[in-house]
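Worksheet for the structure shown next.
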Amino acid sequence: MLLFALAQIFGSGDLVSFQRVLIAVDSEPLASHAAELGIELAASLGAEVAFVHAIDPALTQATGITPAELIAEYEWQAKRLIGEFSKLVRQTSPPLEFIHVGKPASEIVRTAQEWRADIVVIGSHARHGVQRALLGSVAEAVMRHAPCPVFVVRAKA
């Protein structure tokens, strides 16, 4: 119902028309929930969908496996993950897939700029205080720097 209301408000042509929905995904359950909502939003708007996944280079350090091997493995996993989400999209052409190596927030923002996304959909754990200070917030950084609106999907209560 909420997505229908968003589609009515934003898809009316009077205010904003979202024709390109960029959905940030990772292997967290929250990202799955955000992806499902992003796909539903895109379908209700008749919008094109693209998925973005960023591989943080910090994950490739001190493992005993070469960074190149780890990145190749992470890219393979990302393609599989995006492939699963792509099956849920009902549009005439398959959704675009962007897989980048770099800081996740920067890569999501860069993809939104280069692809000219109209909206970014991303999950957020809604951490506060010390957790947020230590872990940072990809969603917050994306909201601050994205060239378009960001739809943040919070964890289910």
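The values are calculated or read from the model by the stated rules, or taken from the named source; none is laboratory data. Just so we're clear, the structure is a prediction, and the values are computed from it rather than from any experiment. Every residue, glycine among them, receives a Cβ derived from its backbone with ideal geometry; neighbour counts consider all protein chains shown.
Looking at this structure, is Ile82 surrounded by 17 or more Cβ atoms within 10 Å (Cβ to Cβ) and out of contact with any Cys (no Cβ under 9 Å at 6 or more places or on another chain)? First the steps, then the outcome.
Working: surrounded by 17 or more Cβ atoms within 10 Å (Cβ to Cβ): yes; out of contact with any Cys (no Cβ under 9 Å at 6 or more places or on another chain): yes.
Considered against the rule, which asks whether it is surrounded by 17 or more Cβ atoms within 10 Å (Cβ to Cβ) and out of contact with any Cys (no Cβ under 9 Å at 6 or more places or on another chain), Ile82 comes out as yes.
Yes or no, residue by residue, for (1) of a type in the set (Phe, Trp, Tyr); (2) in a loop (DSSP other than H, G, I, E, B); (3) closer than 19 Å to Thr111 by Cβ; (4) free of Cβ contacts under 8 Å to residues at least 24 places away in the same chain:
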site	(1), (2), (3), (4)
Phe18	yes, yes, yes, no
Leu22	no, no, yes, no
Leu30	no, no, no, no
Ala35	no, no, yes, no
Glu40	no, no, no, no
Ala43	no, no, no, no
Phe51	yes, no, yes, no
Ala54	no, no, yes, no
Leu70	no, no, no, yes
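Can you say whether Leu59 is surrounded by fewer than 17 Cβ atoms within 10 Å (Cβ to Cβ), at pLDDT below 90 and under 19 Å from Ile108 (Cβ atoms), as far as the supplied structure shows?
When the stated conditions are applied, Leu59 passes them.
Give just the number: which of (1) within 12 Å of Ile122 (Cα to Cα); (2) touching a helix residue (DSSP H, G or I) at 6+ places or on another chain (Cβ under 9 Å); (3) modelled with pLDDT under 95 does Ser27 not satisfy?
Every listed condition holds for Ser27 apart from (1).
Quick check on my filter: what residues within the stretch 58-113 are among the polar types (S, T, N, Q) and more than 14 Å from Ile23 (Cβ to Cβ)?
Going through the stretch 58-113, the residues among the polar types (S, T, N, Q) turn out to be 60-61, 63, 66, 77, 86, 91-93, 106, 111, 113.
Once the filter is applied, which keeps residues that are among the polar types (S, T, N, Q) and more than 14 Å from Ile23 (Cβ to Cβ), the stretch 58-113 yields Thr60, Gln61, Thr63, Thr66, Gln77, Thr92, Ser93, Ser106, Gln113.
Which residue, of Val109, Val89, Val101, is under 18 Å from Cys148 (Cα atoms) and either touching a Gly at 6+ places or on another chain (Cβ under 8 Å) or of a type in the set (A, V, I, L, M, F, W, C) (or both)?
Answer to the check: Val109.
Scan the stretch 104-129 for residues that are of a type outside the set (Val, Ile, Thr), at pLDDT 80 or above and touching a strand residue (DSSP E or B) at 6+ places or on another chain (Cβ under 7 Å) and jot them down. Spell out how you get there, then give the answer.
Residues of the stretch 104-129 of a type outside the set (Val, Ile, Thr): 104-107, 110, 112-118, 123-129.
Restricting the remaining residues to those that are at pLDDT 80 or above gives 104-107, 110, 112-118, 123-124.
Of everything in the stretch 104-129, those that are of a type outside the set (Val, Ile, Thr), at pLDDT 80 or above and touching a strand residue (DSSP E or B) at 6+ places or on another chain (Cβ under 7 Å) turn out to be Pro104, Glu107, Ala112, Trp115, Arg116, Ala117, Asp118, Gly123, Ser124.
If you take the residues in the stretch 72-101 that are assigned to a helix (DSSP H, G or I) and of a type in the set (A, V, I, L, M, F, W, C), which one is farthest from Leu37 (Cα to Cα)? Walk me through how you get there before you give the answer.
The initial filter retains those residues of the stretch 72-101 that are assigned to a helix (DSSP H, G or I), namely 72-86.
The next check asks that each one be of a type in the set (A, V, I, L, M, F, W, C); those that pass are 72, 76, 78, 81-82, 85.
On the way: Ala72: 29, Trp76: 24, Ala78: 19, Leu81: 16, Ile82: 15, Phe85: 11 Å.
In this case the residue turns out to be Ala72.
Determine if the stretch 110-126 includes at least one residue that is part of a helix (DSSP H, G or I) and over 16 Å from the mean Cα position of the chain (by Cα).
Filtering the stretch 110-126 for residues part of a helix (DSSP H, G or I) gives 110-115.
Retained after the next criterion (residues that are over 16 Å from the mean Cα position of the chain (by Cα)): none.
Among the residues of the stretch 110-126, not one is part of a helix (DSSP H, G or I) and over 16 Å from the mean Cα position of the chain (by Cα), which makes the answer no.
Does Arg132 meet the test of being more than 13 Å from Ile23 (Cβ to Cβ) and modelled with pLDDT of 95 or more?
On the way: more than 13 Å from Ile23 (Cβ to Cβ): yes; modelled with pLDDT of 95 or more: no.
No: the conditions fail for Arg132.
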